[in-house]
């Protein structure tokens, strides 16, 4: 009986978080996310490849000192991710990445991540821009919206909570919605060689 | 005793009379179907008044007879006599009931034909040379685009529609997100905006003035704050306004406004808004080319002045929770310059 009540309570609490519409909540701290990411490297690599022999690896010796990914609350929130999906179109991410399948830019629905798959790495990629075409959006998109976009980008390859990911596309859909996407566990992809 | 009951009855009756009168005073004004400013709304309100007077008289008649019966029963304090067959009385009752049914059927048919006639007169095609306006309903504001064969002469504005008096206006209604409904009660009835299915609405304004319209189909969090202003004015005034709206955004006049423009171009504003004549050309949010000349902000939510604009830019989520415009963290100096620039865009 006690267990049943506990399970019921936790299920209810989870659903609360899913449906909560935080119009004025502050996003996961941007500063925290940016610590430990070296901005000066031309090609920042993914987290965890802290091996000098690989050349352009990241130095993860900042204040955070670990490669524990930042937890993005928006990945459990349906409203935030649907906002992310709307912004993905509004800010013309679709122009290069299409609806996840890629085009001029790399696809986002597969398991390959050139610049890291953790929320803070995606945040940094959007903020800083990346070589060969990804523009920098620092100062142009408010932090909260970048976190919403990061949550949606992760949901494209099934890395965000399935119960909160968008279940219906607003555009003509050529693939399954994010809520039914099979989880693609990120693989270490080869760092692109300078051409 | 009976006298007191009578007084309280009259008092109650007066109170009852007061309620519809109060309700009616709420209807007069800038957003009312009973204050028609166009030919189409005139026909609709004619139908409304026909219904109102006929139904009110029927209602009052029925009430009078009911009350009369009530008092007649009371007057005879004798114990009820056993009901005996009384052929003349029964014949009279039959005649009364029969003619009442007949009158009711006639009234219903009059209503039916009046409604058909009104509906038919509203279906008329726009006159040749009608002004073409494309209205796009979005969550939660209205994009208004004056069509012109030359694309550079098209005018895009938001939540504000100017129409010339005496000229037929055709609205092309569309929606990119959810179903909205375009309702300017002083001019016409409601018309839904359906995603993927453009609709049209035609009316002709006859009375100059400033009126208000509203989204009339629940469309999400801020449905109630999805209003627009309709200004009906003389052809000359309208042409002056349209010509002024065709101009690109005014260049900054002083140092503050110049800084404000820089802030606009380097902050998040430029991701969603357009100012004609500048590099800002995004179409996610309302066109701000002539923001300073608009009466309201946030689709009729707050009046447009320096103070309200400052609050709106910093924290629109506390004014219109759920609106798609995000909170912006601007330094006080930047904010001051930005709103000075925006208000200068007349």
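The values are calculated or read from the model by the stated rules, or taken from the named source; none is laboratory data. The model shown is predicted, which means the values in this text are computed figures rather than measured ones. In this analysis, Cβ positions are derived from the backbone assuming ideal geometry, glycine residues included, and neighbour counts consider all displayed protein chains.
Residue B:196 meets each of the listed conditions (1) modelled with pLDDT of 95 or more; (2) out of contact with any strand residue (DSSP E or B) (no Cβ under 6 Å at 6 or more places or on another chain) apart from (1). Among all positions in the stretch B:199-222, there is at least one residue which is within 22 Å of the chain's Cα centre (by Cα), without any contact (Cβ under 8 Å) to a residue 40 or more places away in the chain, assigned by TED's automatic domain parsing to the domain that holds residue B:135 and surrounded by 20 or more Cβ atoms within 10 Å (Cβ to Cβ). Taken over the stretch B:31-56, the criterion of being in contact with a strand residue (DSSP E or B) (Cβ under 8 Å, 6 or more places away or on another chain) and either assigned by TED's automatic domain parsing to the domain that holds residue B:215 or not in a loop (DSSP other than H, G, I, E, B) (or both) is satisfied by B:38, B:39, B:40, B:41.
In the stretch B:122-135, the qualifying residues are those that are at pLDDT 85 or above and surrounded by 14 or more Cβ atoms within 10 Å (Cβ to Cβ), and the one that is nearest to residue B:188 (Cα to Cα) is B:122. For residue A:177, the conditions (1) within 14 Å of chain B (Cβ to nearest Cβ); (2) without any contact (Cβ under 8 Å) to a residue 24 or more places away in the chain all hold with the exception of (1).
A single member of A:155, A:173, A:179 is out of contact with any helix residue (DSSP H, G or I) (no Cβ under 7 Å at 6 or more places or on another chain) and not in a loop (DSSP other than H, G, I, E, B), and it is A:179. Sort out which residues of the stretch B:198-233 are part of a loop (DSSP other than H, G, I, E, B) and within 14 Å of chain A (Cβ to nearest Cβ), and write them in order of number. B:220, B:221, B:222 - these are the residues of the stretch B:198-233 that are part of a loop (DSSP other than H, G, I, E, B) and within 14 Å of chain A (Cβ to nearest Cβ). When you look at residue B:187, is it under 15 Å from the mean Cα position of the chain (by Cα), part of a strand (DSSP E or B) and crowded, with 16+ Cβ neighbours inside 10 Å, yes or no? It is false that residue B:187 is under 15 Å from the mean Cα position of the chain (by Cα), part of a strand (DSSP E or B) and crowded, with 16+ Cβ neighbours inside 10 Å.
Restrict the check to the stretch A:115-132 and report whether at least one residue is in contact with a helix residue (DSSP H, G or I) (Cβ under 7 Å, 6 or more places away or on another chain), surrounded by fewer than 16 Cβ atoms within 10 Å (Cβ to Cβ) and free of Cβ contacts under 8 Å to residues at least 12 places away in the same chain. The answer is no, given that none of the residues of the stretch A:115-132 is in contact with a helix residue (DSSP H, G or I) (Cβ under 7 Å, 6 or more places away or on another chain), surrounded by fewer than 16 Cβ atoms within 10 Å (Cβ to Cβ) and free of Cβ contacts under 8 Å to residues at least 12 places away in the same chain. When the helices (runs of 4 or more DSSP H) confined to the stretch B:234-346 are screened for residues that are under 30 Å from residue B:214 (Cα atoms), within 14 Å of chain A (Cβ to nearest Cβ) and under 28 Å from the mean Cα position of the chain (by Cα), those reaching at least 1 such residues are found at B:306-314, B:316-319.
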